[in-house]
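Q: Before anything else, here's the structure in question.
The values are calculated or read from the model by the stated rules, or taken from the named source; none is laboratory data. Predicted model, so just to flag it, every value in this text is computed and none were measured. Cβ placement follows ideal geometry from the backbone for every residue including glycine, while neighbour counts extend to all protein chains displayed.
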Amino acid sequence: MKLLVTDLGMLPYTEALALQRAVARARISGAFDEDVLLLVEHPPVVTLGRSSKVQHLLASPALLAARGVELHEVERGGDVTFHGPGQLVGYPIIDLKRHKQDLHWYLRQVEAALIRALAPFGIVGERSPGFTGVWTGGRKLASIGVHARDWVTWHGFALNVTTDLSFFDLIVPCGISAVEMTSLARELGRASARGEAANNGAGPGPAPGTFETSAGNLARLARSRVVDGFAEVFALEAAALDPSDLERVAATTFPA
């Protein structure tokens, strides 16, 4: 079985939402006979899941507009979250009938895939009891919110890579009070700082997996590691699917 992976680049949230819904319908109908992973980066947007509470949106519509942030209510589970440049967003469209018909199991699998993806960077991903997502050192690195119909999933995860974390000040991320959001770049910076301190003290040098890279290279590496993590956790063979082919199948199956 394969995992068809499509990199959509930078795409407005509403366009990506329409595409993933179309692909999910195609997966449900059987027009797509393999699982799909859509990878995308969004312009700034705040999304409200089914469990969102009004007090968790700290910014007024006027302030959001001033910051260039869109606002959308969606069908995924979870509370309020932010997507924006420098964040790797993934929408796994997976038929759980071919895996395990259990959404709690699926959420733990998504967490496991992201935890595996972080390991090559020398970052220890963790779960936080009672919450969904991935943390490291008590700081939240990735958020997860999903939806499913006929055991086919859509929506997914957001991994902060080089994200401007100040945008999270506009919300109570995932409805978790006092949560500290972090990013892959920030955590690598912490590791680098620890390595420099060790060197200044004649210590052993940088921690294993610590390295410096440009934002573009870091984003590329993160995408690659995430694909590997999902392929391993779901026991699938990853294969690239061109965005034009994906859109053509979705449009042919469910024309506008």
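Q: Please enumerate the residues belonging to region 129-138 that are at negative phi and within 17 Å of the chain's Cα centre (by Cα).
A: Within region 129-138, PHE131, THR132, VAL134, TRP135, THR136 meet the criteria.
Q: Taking strands (runs of 3 or more DSSP E) that do not extend beyond region 1-84, which have at least 1 residues that are out of contact with any strand residue (DSSP E or B) (no Cβ under 6 Å at 6 or more places or on another chain) and touching a residue at least 12 places away in the same chain (Cβ under 8 Å)?
A: Filter on region 1-84 gives 2-10.
Q: If you don't mind, another one. If you go through region 79-94 one residue at a time, do you hit one that is aliphatic (A, V, I, L, M) and in contact with a Cys (Cβ under 8 Å, 6 or more places away or on another chain)?
A: Yes; the residues of region 79-94 include at least one that is aliphatic (A, V, I, L, M) and in contact with a Cys (Cβ under 8 Å, 6 or more places away or on another chain).
Q: Now a separate question. Test VAL89 against the stated conditions and say whether it is under 17 Å from the mean Cα position of the chain (by Cα) and closer than 21 Å to VAL227 by Cβ.
A: Numbers: under 17 Å from the mean Cα position of the chain (by Cα): yes; closer than 21 Å to VAL227 by Cβ: yes.
It is true that VAL89 is under 17 Å from the mean Cα position of the chain (by Cα) and closer than 21 Å to VAL227 by Cβ.
Q: Determine whether region 162-173 contains at least one residue that is in a helix (DSSP H, G or I) and modelled with pLDDT under 95.
A: Within region 162-173, one or more residues are in a helix (DSSP H, G or I) and modelled with pLDDT under 95.
Q: For region 85-112, what are the residues that are on the phi > 0 side of the Ramachandran plot and part of a strand (DSSP E or B)?
A: none
Q: Shifting gears a bit: Scan region 113-147 residue by residue and report those that are among the charged types (D, E, K, R), within 19 Å of PRO92 (Cβ to Cβ) and not in a helix (DSSP H, G or I).
A: Matches in region 113-147: ARG127 only.
Q: Only one of (1) over 14 Å from the mean Cα position of the chain (by Cα); (2) surrounded by 14 or more Cβ atoms within 10 Å (Cβ to Cβ) fails for PRO12. Which number is that?
A: Here PRO12 meets the rest and fails (2).
Q: Kindly indicate the residue of region 153-185 that is within 20 Å of VAL226 (Cα to Cα) and either aliphatic (A, V, I, L, M) or more than 17 Å from the chain's Cα centre (by Cα) (or both) and also surrounded by the most Cβ atoms within 10 Å (Cβ to Cβ) among those meeting that condition.
A: LEU184
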